[in-house]
Amino acid sequence: MLGECLLICCILGGNSVWTYENMALNKTVWQQDTFLNFTAARAVDGRKDSLSIFGSDCVLSRYTYTAEWRVDLQAVVSIHHIFIQYATNNLPWDKNNSHTSRFLGFSVYISNTTNKADGILCFRDTKYTRATIPNPINITCPHYGRYVIYYNNRTHLPYPVGYSKDTGNNLCEVEVYGCTSPGLYGENCSVACPQKCLNGRCHIVEGTCLGCVDGYSGPTCSKECTISGFYGENCSTACPEHCLDGVCDAVNGTCYGCLDGYSGPTCSEGCTISGYYGENCSTPCPENCLDGLCDTVNGSCYACIDGYSGPTCHRGCMSPGFYGENCSIPCPQNCLDSRCHIVEGTCFGCVDGYIGDKCIENKGCKFQGQYGVNCSTPCPVNCLEGRCHIVDGTCFDCVNGYKGPTCGVVII
């Protein structure tokens, strides 16, 4: 049947007939430097009865230093092999046929664009001679692509013995065989590629995937990612560095949890919520941190509110005689026993002779007739005019009939 190829395969001692369609037949074509009316379309018209370069079945381009011809298969398809029939001018194909010299050194590419450099090289002749180059030739190239490109050149002198000085597209027929549906393979292109193949594509003969969807690996992409710390296509991408325990979703790489101090699907963000730290930034900073702020990783406070100290500000001031932020401010100097409130710095008592919240008011007692701590003790009753020393309470003088430091002795 026109446009089909029977590929005979021997499998385990038996014969299997695989049919591939000629996907190049009557497709859109292009060539460099067409000669007269020997257009590029002649190579995909299904006719190759006459191999004369001046007949009606073959392409002919001007002989120059480069030759290029391509066919657009109009979609990305699964290609098995490419058949090329070169012009012989209806003469025996041997070393005496001059057309062999222009065929030597040719290349075939498969590409998804019209630029061969964007595709893959299926074949490049580096070993044939005028006596050995086959015609026609079948080039097996199981690959996906839209364009098949024939190319030859004479731009890199010197060339091996037998090569022509110029070249051209003396092509009588180019046939591209494979599966038109990219997700099929095997006999008659009747078997669906494995479900987890990337883009549904697999090897046209073997059915092995040409890549796996994220989270799967193996020849047929049947294995879920089992290597801890990796995800994505063929399980080849390391989980984001701040994932908790280095583990993430095998398909999309999102972290199951974040290291302390990081948040977001891939734990790429520092804590953005003020006052929180730790895994997924979900733990409030310690309550005594100044302004509620702490290290986003370990929760240590940057500073403490007045009266607290320690990495997490959980301790009241441990050193007597200090108060305030990080317990770094000395208690007022006239506090009794140097002790004061750890937050406000107010004295619990004043040394003799001082009064006020911080024992800084009046270096004497405001009220006559008092002395001692906070000037709260009345002078001895027999002090003259009720006056005494503000520190030790000794009388400056005694009323009549009394004597002694505190006028407590009756004169007889």
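With respect to being of a type in the set (Gly, Ala, Ser), surrounded by 22 or more Cβ atoms within 10 Å (Cβ to Cβ), assigned by TED's automatic domain parsing to the domain that holds residue 73 and modelled with pLDDT under 95, residue 232 falls outside the description. Within this structure, residue 124 passes the test of being basic (Lys, Arg), loosely packed, with under 15 Cβ neighbours inside 10 Å and either at pLDDT below 95 or closer than 28 Å to residue 179 by Cβ (or both). Taking the stretch 312-327 as the range and being in contact (Cβ under 8 Å) with a residue 12 or more places away in the chain and part of a loop (DSSP other than H, G, I, E, B) as the test, the residues that pass are 312, 313, 314, 317, 320, 321, 324, 326, 327. If you go through the stretch 218-258 and keep only what is in a strand (DSSP E or B), within 28 Å of residue 298 (Cβ to Cβ) and either touching a residue at least 24 places away in the same chain (Cβ under 8 Å) or more than 13 Å from the chain's Cα centre (by Cα) (or both), you end up with 243, 258.
Checked against (1) closer than 16 Å to residue 80 by Cβ; (2) at pLDDT below 95; (3) surrounded by fewer than 19 Cβ atoms within 10 Å (Cβ to Cβ), residue 189 passes all but a single condition, namely (3). Residues that are of a type outside the set (Val, Ile, Thr) and in a strand (DSSP E or B) were ranked within the stretch 171-182; the one that is farthest from residue 69 (Cα to Cα) is 179. In the stretch 47-66, the residues that are touching a residue at least 40 places away in the same chain (Cβ under 8 Å) form Cβ pairs under 6 Å with partners that are small (Gly, Ala, Ser) and surrounded by fewer than 18 Cβ atoms within 10 Å (Cβ to Cβ), at six or more places apart or across chains, as follows: 57/50. Take the residues of the stretch 343-398 that are surrounded by fewer than 19 Cβ atoms within 10 Å (Cβ to Cβ) and under 60 Å from the mean Cα position of the chain (by Cα): which is modelled with the lowest pLDDT? The residue in question is 343. Are any residues in the stretch 290-309 out of contact with any helix residue (DSSP H, G or I) (no Cβ under 8 Å at 6 or more places or on another chain), over 26 Å from residue 336 (Cα atoms) and in a loop (DSSP other than H, G, I, E, B), and if so, which ones? Correct list: 293, 295, 297, 298, 299, 300. On the stretch given as the stretch 195-217, residues that are among the polar types (S, T, N, Q), under 25 Å from the mean Cα position of the chain (by Cα) and surrounded by fewer than 17 Cβ atoms within 10 Å (Cβ to Cβ) total 1. On inspection, residue 337 fails the criterion of being part of a loop (DSSP other than H, G, I, E, B), free of Cβ contacts under 8 Å to residues at least 60 places away in the same chain and of a type in the set (D, E, K, R).
To keep it simple, each residue is scored yes or no on (1) among the small types (Gly, Ala, Ser); (2) farther than 30 Å from residue 280 by Cβ.
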| position | (1), (2) |
| --- | --- |
| 298 | no, no |
| 328 | yes, yes |
| 343 | no, yes |
| 351 | no, yes |
| 358 | no, yes |
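The values are calculated or read from the model by the stated rules, or taken from the named source; none is laboratory data. Quick caveat, the model's predicted, so the values are computed rather than measured. Don't worry about glycine lacking a Cβ; one is built from the backbone with ideal geometry, like all the others, and counts go over all protein chains shown.
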